[in-house]
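Taking it in order: structure first as structure tokens, then the write-up.
Taken together, the values in this text are just the output of simple stated rules run on the coordinates, not laboratory data. These numbers were taken from a predicted model, which means no experiment stands behind them. Counting neighbours? That spans all protein chains shown, and the Cβs are built from the backbone with ideal geometry, glycine included.
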Ligand code: MG
């Protein structure tokens, strides 16, 4: 399986990192070795002094597809969750400055936290879904899928122009503003609307 990730899909987050608001999705990938095994703490890797949390809506593909039209994209996924795209921001900045790929900063072991999957039929509206991240009990990131520059269906259409989407592939759909560094012993809690969906500890 592959993990496709979208960068800068919320204008407020693009601005906080001084990036331009994109006219087409910014795409990168993580390998399956990036997935943080269930129940594990997130260990800050030794190569970074500034690993940041990015809470994101995550979608799992459950039907094989290529060149999927946006109007049919909803048929290609039935489960969603929240995840964290952990990012070694200092390393990413160095790579960006040199015009180099981001993988070392984005795709390292444990950098992909995934919450429990929920059937999307149980969600009232995927286009107007609030989510938030608490760090040590305080809300640090708050987003609404209504503010996505590219909707989930549009992302599936765009991605499938380039990559065959396979059953089990995962899409991280981008983070809203409020990204920040994590420190040892931080408790991260992920909320969908008012419900707590998952939590993890930083080590
Ligand atoms: Mg991200």
(request) Mind pulling the per residue volume of the convex hull built on the Cα atoms of the chain? Å³ is fine. (result) 109 Å³
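What length, rounded to one decimal in nm, is gained on full extension from residue 122 through to residue 161, with 0.36 nm per residue of separation minus their alpha-carbon distance? Please list the in-between numbers first.
Working: separation 39, 0.36 × 39 = 14.04 nm, distance 2.90 nm.
Length gained between residue 122 and residue 161: 11.1 nm.
Rounded to the nearest 0.05, what FRET efficiency is calculated for residue 194 and residue 66 with R0 set to 22 Å and r the Cβ-Cβ distance? Intermediate results must be reported in sequence, preceding the final value.
Numbers: r = 38 Å, r/R0 = 1.73.
Calculated transfer efficiency: 0.05.
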(message) Considering only C-alpha atoms, what is the centroid distance from the stretch 124-180 to the stretch 33-93, in Å?
(response) 9 Å
(request) Quick one: go through the stretch 154-194 and flag any residue whose amide nitrogen is under 16 Å from the point 7 Å out along the Cα-to-Cβ line of residue 50. (result) 178-183
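Fewest to most neighbouring Cβ within 10 Å: what's the order for 32, 62? Write down the numbers at each step before the final one.
Working: 32 11, 62 15.
Ascending Cβ contact count within 10 Å gives the list 32, 62.
Could you give the length gained on full extension between residue 97 and residue 18, defined as 0.36 nm per residue of separation minus the Cα-Cα distance, in nm?
On the way: separation 79, 0.36 × 79 = 28.44 nm, distance 1.28 nm.
That works out to 27.2 nm of additional length.
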(request) On each of the three principal axes of the Cα atoms of the stretch 164-203, give max minus min coordinate, whole Å, ordered largest first. (result) 39, 24, 20
(request) With springs connecting C-alpha atoms under 10 Å apart, model the chain as a Gaussian network and identify which of 65, 143, 174 has the largest mean-square fluctuation. (result) 65
